[in-house]
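*Asks:* Okay, here's the structure, questions in a sec.
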Amino acid sequence: MGRPNILERLQNKLNDSAIERRDGVIIIRSLKERISLRHFISAVLEARHEGYQEITLDFSKLKNETVYANIAVPLAAFCDNLRTNSGVVFRLHETPNSFVDKRLIEPISFGFNEHSNNPLNKVWKFESPEDVFGIVTLLIDAIRERELITNKDALVSLEWSLNEVVDNVLQHADSDSGYVMGQLHSGQKQVVFCVADAGQGIYNSLSTSDFYKPSDSMDAITLAMKEGVTRSKTEHQGNGLWGLHRIIESGTGEMTITSSGARIHIGNDGQITKDSGPYLSHARKGGGTIVDFQINYQKPINIENALNGHRPDSYRVLSSLNETGERLMYRLDEKASGYGTRQSGLRIRNDIENLMLETGLPVVVDFDKIAIVSSSFADETFGKMFKKLGPVGFMQRVRLENMNSTVSSLVNKAIEQRLTEATDHEK
């Protein structure tokens, strides 16, 4: 058999590429690699340039369903911006459930309660401070419930960093909306967040300042990571990206900032690399911004050192303190995960133990309005907590209040069985 000619080799290359366009149809074989995002954006813009107002995203030849937050979020920002501002209609063909669940093409607006219990691995759309507060709370609480994090500064670092980055969108992007996704990689002990918008970009924002005149987009990103740099010092402190950079610099993770075609990456070894990145908006001079960061919650984090002596408050901790600040108040009826399974019990136990680890304070668990719990829930939450803390530690650190007789009997039985188990083990 002879060697394939140039046309055959070109066709084979197209067939192997992650993204291919055929008129108004975008064939998506993979969105795993970062370069596929740029190819996707280019393909859509080419179709738009040729006059296609309806674009079909064809997943029928998908080879790899992996899609990370640093691709999912900017892709959602790009598509939603085109749909909202240019009237582009995206049709989906043979979309895998994993992509549908992540809401790449139709991000979730805050208030859709059916997604509140499992907010991770989905693209959320925010448009107001109320949206930001609600979504950040959902994401951080989900991490608290799904993983026991022994580093007491890790959770407050994640909460502060995410709040600062999403607030930057509202304050500086000159855009109606922003987009965010959180992912928890338990095996790697990492939390990943990505925030994106299709707004004016960091360069255009800083260019309106009386204090800073960046020469280009790369210079603008570099400036934005410095302490106190902001468009308006009378309105903003300008410490969000600087603080996140400081946390990352301490060796706890890595971050990437992309804006208006420029990209800066800070690795977990502190090394900085610079290259080009995608534009999320071509309808306006600017091109949008992407902030993607990962924090290893198992590595030591000292947030006071990172923020030059400032220790931010955790909303969850503040809202859980009693009037004197000496105890944590934990209301079970506020938990949406329920009280009937071991999985829900594990989430609540992780949540309670994370609060105690973070603050060093005892907790009062309030059973008011809880009519019944399952035996497996009682054992997973309080039986295992009793076993872990020991009888004295449990009595010193955990108080159970407002249990009816049925719930009290089930919880007592779970604790007694764990006590018997420990006693038998010692014999």
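The values are calculated or read from the model by the stated rules, or taken from the named source; none is laboratory data. Just so it is clear, the structure is predicted and the values come from calculations on it, not from any experiment. A quick note on method: Cβ atoms are made from the backbone with ideal geometry, for glycine too, and the neighbour counts reach across all protein chains shown. What goes into the accessible areas is simple: the full protein's heavy atoms, side chains included, and nothing from ligands, DNA or RNA. Shrake-Rupley method; radii C 1.70, N 1.55, O 1.52, S 1.80 Å.
*Asks:* Compute the long axis of helix 384-397 from its Cα atoms, compare it with the longest principal axis of the Cα atoms of the chain, and write down the angle in degrees, 0 to 90, nearest 10.
*Replies:* Once rounded, one gets 60 degrees.
*Asks:* Could you give each residue of region 333-341 its phi-based ³J(HN,Hα) in whole Hz, using Karplus coefficients 6.51, -1.76, 1.60 with θ = phi - 60°, and x for Gly or Pro?
*Replies:* Values, residue by residue: 5, 8, 8, 7, 6, x, 9, x, 10 Hz.
*Asks:* Then there is this: Helix-derived [θ] at 222 nm for the chain: sum -39500 (n - 2.57) over DSSP H runs of at least 4, divide by residue count, nearest 500? The partial results should precede the final answer.
*Replies:* Values: 15 runs with 179 residues, N = 427.
Calculated mean residue ellipticity at 222 nm is -13000 deg cm²/dmol.
*Asks:* What nm distance separates the two modelled labels at Glu130 and His265, each placed 7 Å from Cα along Cα→Cβ?
*Replies:* My value for the distance between the label points is 4.0 nm.
*Asks:* Continuing with this model, one more query. Once you have the Cα-Cα distance between Ser276 and Asp368, take 0.36 nm times their residue separation minus that, and quote the gain in nm to one decimal.
*Replies:* Full extension of this stretch gives 27.6 nm more.
*Asks:* Taking 0.36 nm per intervening residue step and subtracting the Cα-Cα distance, what contour gain separates Ser17 from Ser319 on full extension?
*Replies:* 103.7 nm
*Asks:* Normalised radius of gyration for region 20-139, please: alpha carbon Rg relative to 2.2 N^0.38 Å, two decimal places.
*Replies:* For region 20-139, the normalised Cα radius of gyration is 1.08.
*Asks:* I've got another one for you. With 10 Å bins from zero, work out the P(r) of region 360-427 over every alpha carbon pair and list the percent per bin.
*Replies:* 21, 53, 23, 3, 0
*Asks:* In terms of Cα to Cα distance under 27 Å, which lysines are near enough to Lys413, apart from those fewer than 8 places away along the same chain?
*Replies:* Lys335, Lys369, Lys384, Lys387, Lys388, Lys427
*Asks:* Give me the tail of P(r) for region 274-357 as a percent: Cα-Cα pairs with distance above 23 Å.
*Replies:* Roughly 54 percent, once rounded to a whole number.
*Asks:* How many Å³ per residue does the convex hull of the Cα positions in the chain occupy?
*Replies:* Values: hull volume 84.3 nm³, N = 427.
Cα convex hull per residue, to the nearest whole number: 197 Å³.
*Asks:* Next up: Which angle from 0 to 90°, rounded to the nearest 10, does the C-alpha axis of helix 129-146 make with the longest principal axis of the chain?
*Replies:* The helix 129-146 is inclined about 60 degrees to the chain.
*Asks:* Further question: Tell me, what are the semi-axes, in whole angstrom and largest first, of the equivalent ellipsoid of region 160-222 as set by the roots of 5 times the Cα gyration tensor eigenvalues?
*Replies:* Details: eigenvalues 149, 37, 18 Å².
They are 27, 14, 10 Å, listed largest first.
*Asks:* What is the angle, in °, between the Cα long axis of helix 154-172 and the longest principal axis of the Cα atoms in the chain? Nearest 10 is fine, range 0 to 90.
*Replies:* 40
*Asks:* Please state, rounded to one decimal and in Å, the Kirkwood hydrodynamic radius that region 15-72 gives when every pair of distinct Cα atoms enters the mean of 1/r.
*Replies:* With all distinct Cα pairs of region 15-72 included, I get 11.5 Å.
*Asks:* Within the chain, what whole-number % of the accessible surface is contributed by carbon and sulfur, with the 1.4 Å probe and all protein chains included in the calculation? All intermediate terms of the calculation are to be shown ahead of the outcome.
*Replies:* Values: 9470 of 20080 Å².
Summing carbon and sulfur atoms, their accessible area is 47 percent of the total for the chain.
*Asks:* Students often get this wrong, so check it: of Lys63/Lys102; Lys102/Lys125; Lys226/Lys274; Lys125/Lys274, which have C-alpha atoms separated by over 19 Å?
*Replies:* Values: Lys63/Lys102 17 Å; Lys102/Lys125 12 Å; Lys226/Lys274 16 Å; Lys125/Lys274 28 Å.
Pairs exceeding 19 Å: Lys125/Lys274.
*Asks:* Okay, moving on. Tell me, what ³J(HN,Hα) does each residue in region 45-51 have, in order and in whole Hz, if you take phi through Karplus 6.51 cos²θ - 1.76 cosθ + 1.60 with θ = phi - 60° and put x for Gly and Pro?
*Replies:* 5, 5, 5, 5, 4, 8, x
*Asks:* Could you give the C-alpha radius of gyration of region 116-220 expressed as a fraction of 2.2 N^0.38 Å, taking N as the number of residues it contains?
*Replies:* Region 116-220 yields a ratio of 1.21.
*Asks:* When ligands, DNA and RNA are left out and all protein chains stay put, how many square angstrom of accessible area per residue does the chain have with a 1.4 Å probe?
*Replies:* That works out to 47 Å² for each residue.
*Asks:* Please give the contour-minus-distance gain from Glu227 to Asn404: 0.36 nm per residue of separation, less the Cα-Cα distance, rounded to one decimal in nm.
*Replies:* Contour length minus the Cα-Cα distance gives 58.3 nm.
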